[in-house]
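The values are calculated or read from the model by the stated rules, or taken from the named source; none is laboratory data. What you see is a predicted model, and the numbers here were worked out from it, not measured in a lab. Cβ sites come from the backbone with ideal geometry, for glycine too, and all protein chains shown count toward neighbours.
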Amino acid sequence: MKNKIIAEKSGVIDVVIIGAGAAGLSAALFLVRARRSTIIFDAGSKRISSSKNIHELLGFENKSPEEFHNLGEKEIVKYGGDIRKEKVLKIEAISNNLFAVQSTNSFVTAKTVVIATGLIDVIPEIPGLKEGWGKDIHVCPCFTGYELHNKKVVVFGLQDRIGQLSKFLTAWTNNVTVVTNQPFAPTWIKKLSAVDVQVINSEVASVIRSNGKLKGVITSDGQKISCDAIFVSTSMQASSNLASTLCKVDEFGFAETDAVGQTSRPGLWVIGNANDPIGHLAHAIASGTKVGPMVTDYLLEYSLADLIK
């Protein structure tokens, strides 16, 4: 492919994209079609991989995450993109506004870098919780709510969020129980009562599973609550600290960016859930589509600087 030939002759890649999830692949598709030499590093781990099927993404309803990613990779390779199944270990800003990118098996010099490494959920240390994460234990009903119509659901987690989460779940099911040992504000008590959310004054101590199937939870005071699904309000953090060495990040490691992902460092963008923790799959795709033209224009300006100086 012509893109690869250009990269080999110059010794400098136009774009390195770190992360091959929805955001990274979307950005890559635009950039390879803009004829920019592009390398995508894929470390393999993706948050959506824990889910069996994709939902609320037009054209991919009930498709598997593997099918989604395989199709995206094929489209990018078709236009000359170079996908490397390697983990990026280090990014360093070097002279001439370039970046030195070191992975497990290679070293690349690039004019721009797009970080799309996503986020990780901080899973509480409760027995039985990790085993069902992404399958029958969730963080947001937007993705899986339809399949839980009128099923029994238990909610617990961060107190400042579980009221909203419990109320929101009643759009899909009328059988919601929230477990918390902290009091709700009077306004939330009225709201939850009005939509028939049951409040249990306790803590979840463990999750009951049998033959791999969720059966319920046991509280710290010994109550057994049966359920078909669990929703946990938990904190999230950036899955990579690569951005923290190059630009401003917040306390959870998420980069501070503008609306299209531009960071405080020229030539560096952070997109998808790596800078938008509550974004859905479609939002991640959109972030890649938005950043593509910005990176392309930056590269054109980069070349013009040499031509008109």
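What the table below lists for this structure:
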{"read-out": "Residue within the range 231-241 that is under 21 Å from the mean Cα position of the chain (by Cα), assigned to a helix (DSSP H, G or I) and under 24 Å from Arg36 (Cβ atoms) present", "value": "no"}
{"read-out": "Which numbered condition Lys215 fails, given (1) in the same structural domain as Ala100 (by TED's automatic domain parsing); (2) touching a strand residue (DSSP E or B) at 6+ places or on another chain (Cβ under 6 Å)", "value": "(1)"}
{"read-out": "Residue within the range 26-45 that is at pLDDT below 95, buried (at least 16 other Cβ atoms within 10 Å of the Cβ) and not in a helix (DSSP H, G or I) present", "value": "yes"}
{"read-out": "Any hit, the range 61-72, residues being assigned by TED's automatic domain parsing to the domain that holds Ser287, crowded, with 18+ Cβ neighbours inside 10 Å and closer than 26 Å to Leu299 by Cα", "value": "yes"}
{"read-out": "Thr289 vs. criteria over 23 Å from Cys142 (Cβ atoms), modelled with pLDDT of 95 or more and not in a loop (DSSP other than H, G, I, E, B)", "value": "no"}
{"read-out": "In the range 255-265, residue surrounded by the most Cβ atoms within 10 Å (Cβ to Cβ) [restricted to those that are touching a Ser or Thr at 6+ places or on another chain (Cβ under 9 Å) and in a loop (DSSP other than H, G, I, E, B)]", "value": "Gly261"}
